[in-house]
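A short write-up of the structure that comes next.
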Amino acid sequence: MRKLFGGLSIVLLIGATTIAGALYATQPTMPHGAMAQMHVSEQSFSQVERGRYLTTVGDCAACHTDTQGGAPFGGGRAIETPFGLVLAPNITPDRETGIGGWSDAEFANALQHGVSKDGHMLYPAMPYVYYTKAHRSDINAIRAYLSTVTPVHNKVVANQLPFPFNIRLAMRAWNALYFRAGGFQQDTAQNADWNRGAYLVQSLEHCGACHTPKSVLGGDKTSEAFQGYAIQGWFAPNITGDMRRGIGTWSVDDIVVYLQTGHNKQAAASGPMAEEVDQSSSRMPVDDLRAMAVYLKSIPGQDDSVKPLDASDPMMQAGRAIYDDSCAACHKTNGAGIAGLFPTLRAAPAVQSREATSLMRVVLDGAKSAATDKAPTGAAMPSYAWQLDDAQVAAVLTYIRNAWGNQAPAVSASEVASMRANLMTQPN
Ligand code: HEC
Ligand code: HEC
Ligand code: HEC
């Protein structure tokens with residue numbers, strides 16, 4: 001036991017030193033000496049230092065720096081949205097092309113309400129939906145820090161979106177649907193660590209920007225916060241405390257090590273998460289990472305309350321008969337499928353998702369898997385729209401969701417009926 005913890009703290013220590021090194025090596029800021037020459041008061045000096053840290057937490061540089069060798073915060077990086085590309089503007093103190101001429105109030109208005117200096121509405125590619133929860137004192141500190149970075153003259157035209165999303169007024173309707181302005185509320189029933197973690201995750205860290213499922217218009221489905229979402233061609237997995245689909249089996253230390261180093265014994269971060277670790281979480285002190293981990297572990301799973309239906313349940317029996325008859329030829333009686341040909345339905349997260357929407361679609365409409373160079377003829381899942389009625393589709397899906405150790409809410413015939421109606425009116 002002792003040894004294990006010893007080993008871990010060494011890992012953390014090594015992590016912490018490289019991080020501190022990286023932080024100072026890469027920060028594009030004025031050296032301390034220059035700060036002193038400006039005769040800043042002690043209070044504003046510590047505010048700038050705090051702002052430097054919070055800017056790292058908010059990961060502002062990642063989006064506001066052009067990856068093609070652009071100057072820090074000089075803007076120009078293309079940010080993908082569900083509707084197309086938006087370029088992140090220049091947020092250095094350059095008066096003409098940056099935000100040097102902005103007041104603190106205008107700056108806060110951009111971060112917390114998504115409104116630019118001239119009054120135009122920002123697209124939610126800028127994560128104001130989350131930053132709105134940041135304390136005003138933290139926003140002011142970020143502003144104070146950004147005022148000290150080297151001004152860059154770089155004019156950026158942000159808007160690259162196709163019609164109708166290039167109409168910024170559309171954001172008024174979007175905000176009405178998906179944006180709730182307002183600061184983070186402490187939960188007095190929870191301890192200080194939890195509250196610190198919740199604050200960081202929900203506000204400046206904007207973890208939900210990638211990990212929370214989105215509506216077709218790209219708004220957060222807040223009732224499913226952190227339950228996983230496909231973004232930029234990557235899947236940002238469920239990071240709730242769900243034992244089955246989330247990180248409920250990870251310890252607080254597992255999460256801390258992952259956020260600090262990008263990998264642990266369960267997983268390795270790639271793609272956008274690797275960038276998030278590199279630019280933000282690896283540069284944060286262990287206390288804050290631990291606080292975030294404590295909060296994440298407390299977020300309940302999707303359906304801890306769901307008990308698997310018993311095999312003797314009439315719906316399960318009906319479903320099993322249909323399954324053995326129509327599905328087992330490909331997916332096998334034990335649900336294991338055939339590797340590379342027919343997907344496993346057993347222990348498959350997609351089959352046990354809380355909402356059965358995509359499962360109903362697959363059974364009613366069929367599906368063809370992608371043909372790749374390695375597997376030129378993609379296997380196909382037949383459509384059962386004409387063979388199975390609503391109650392039968394509901395039964396077979398309820399069965400595969402609760403057989404072989406799976407567990408997920410039952411599917412009703414009325415859900416299938418509305419999906420069927422939906423598919424009929426949708427052009428394919
Ligand atoms: C996920 C990418 C992303 C992150 C992270 C991000 N921004 Fe932005 N930001 C954008 C984009 C894109 C725009 C432009 C949106 C538009 O034109 O509608 C923007 C706009 C802005 C604006 C308005 C500028 C103007 O000229 O209108 C400010 C100010 C700003 N960001 C500051 C920040 C700060 C400070 C942070 C960190 C706390 C930050 N941003 C983090 C993508 C990001
Ligand atoms: C820019 C998008 C993005 C942001 C922001 C982001 N993540 Fe991720 N995250 C991902 C992606 C994508 C993956 C999957 C990476 C992979 O498959 O290698 C991931 C993976 C993870 C994992 C591993 C889960 C597993 O089961 O393997 C954890 C834990 C995690 N993120 C936590 C966080 C936390 C905490 C935050 C906020 C501090 C955060 N992420 C912010 C995109 C993001
Ligand atoms: C002829 C072989 C075949 C039969 C019969 C068949 N399937 Fe499939 N099924 C497939 C293939 C191939 C896929 C993968 C399609 C894809 O990649 O999009 C699939 C995919 C699925 C998926 C999606 C799995 C996932 O992880 O997303 C579900 C659910 C499913 N089938 C259920 C059924 C049910 C229920 C039946 C019987 C009513 C059935 N299948 C009958 C071949 C079959």
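Just one of the listed residues (101, 51) is under 27 Å from residue 273 (Cα atoms) and over 19 Å from the mean Cα position of the chain (by Cα), namely 51.
Considering only residues in the range 135-176 that are among the polar types (S, T, N, Q), within 12 Å of ligand 1 (Cβ to nearest atom) and modelled with pLDDT of 90 or more, the one that is nearest to residue 214 (Cα to Cα) turns out to be 140. For residue 294, the stated conditions do not hold, so it cannot be described as closer than 29 Å to residue 65 by Cα, within 12 Å of ligand 2 (Cβ to nearest atom), at pLDDT 80 or above and not charged (D, E, K, R).
When 131, 123 are screened for being aromatic (Phe, Trp, Tyr) and at pLDDT 90 or above, only 131 passes. Restricting the first member to the range 332-349 and to residues that are outside the structural domain of residue 320 (by TED's automatic domain parsing) and free of Cβ contacts under 8 Å to residues at least 24 places away in the same chain, and the second to residues that are part of a loop (DSSP other than H, G, I, E, B) and among the hydrophobic types (A, V, I, L, M, F, W, C), no beta-carbon pair is closer than 9 Å while six or more apart or on different chains.
Kindly check whether there is at least one residue in the range 259-269 that is modelled with pLDDT of 80 or more and crowded, with 22+ Cβ neighbours inside 10 Å. For the range 259-269, residues modelled with pLDDT of 80 or more and crowded, with 22+ Cβ neighbours inside 10 Å: present.
Suppose the filter is buried (at least 16 other Cβ atoms within 10 Å of the Cβ), over 19 Å from the mean Cα position of the chain (by Cα) and assigned to a helix (DSSP H, G or I); does residue 323 pass it? Judged against the criteria, residue 323 is a match. Note on the range 193-308: enclosed helices (runs of 4 or more DSSP H) holding 2 or more residues that are within 21 Å of residue 354 (Cβ to Cβ) are 208-211, 286-298.
Going through the range 112-133 one residue at a time, which ones are of a type in the set (Phe, Trp, Tyr) and in contact with a Ser or Thr (Cβ under 8 Å, 6 or more places away or on another chain)? Walk me through it before giving the result.
At the first step, the residues of the range 112-133 found to be of a type in the set (Phe, Trp, Tyr) are 123, 128, 130-131.
Residues satisfying the conditions are 123, 130, 131.
Kindly indicate whether residue 383 is modelled with pLDDT under 85, of a type in the set (Ser, Thr, Tyr) and not assigned by TED's automatic domain parsing to the domain that holds residue 228. So residue 383 fails the test.
All of (1) within 16 Å of ligand 2 (Cβ to nearest atom); (2) modelled with pLDDT of 75 or more hold for residue 363 with one exception: (1).
Rundown of residues vs (1) in the same structural domain as residue 63 (by TED's automatic domain parsing); (2) surrounded by 13 or more Cβ atoms within 10 Å (Cβ to Cβ); (3) without any contact (Cβ under 8 Å) to a residue 40 or more places away in the chain, yes/no style:
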| position | (1), (2), (3) |
| --- | --- |
| 172 | yes, no, no |
| 181 | yes, no, no |
| 184 | yes, yes, no |
| 189 | yes, no, yes |
| 193 | yes, yes, no |
| 196 | yes, yes, no |
| 199 | yes, yes, no |
| 205 | yes, yes, no |
| 209 | yes, yes, no |
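Just one of the listed residues (358, 353) is within 16 Å of ligand 3 (Cβ to nearest atom), buried (at least 17 other Cβ atoms within 10 Å of the Cβ) and not charged (D, E, K, R), namely 353.
Looking at the structure I just gave you, is residue 203 closer than 25 Å to residue 183 by Cβ and within 16 Å of ligand 1 (Cβ to nearest atom)? Criteria met by residue 203. Does at least one position in the range 148-158 carry a residue that is within 16 Å of ligand 2 (Cβ to nearest atom), closer than 30 Å to residue 83 by Cβ and touching a strand residue (DSSP E or B) at 6+ places or on another chain (Cβ under 8 Å)? The answer is no; no qualifying residue exists. All of (1) in contact with a strand residue (DSSP E or B) (Cβ under 6 Å, 6 or more places away or on another chain); (2) at pLDDT 90 or above; (3) over 20 Å from residue 58 (Cα atoms) hold for residue 213 with one exception: (2). The residues in the range 237-267 that are near ligand 2 (Cβ under 6 Å from one of its atoms) and farther than 13 Å from residue 296 by Cβ can be counted, and the count is 1. The selection criterion, being within 16 Å of ligand 1 (Cβ to nearest atom) and over 13 Å from the mean Cα position of the chain (by Cα), does not hold for residue 259.
The values are calculated or read from the model by the stated rules, or taken from the named source; none is laboratory data. Treat the numbers as computed from the prediction; the structure is a model and nothing was measured. Every residue, glycine as well, gets a Cβ built from its backbone with ideal geometry; the counts of neighbours run over all protein chains shown.
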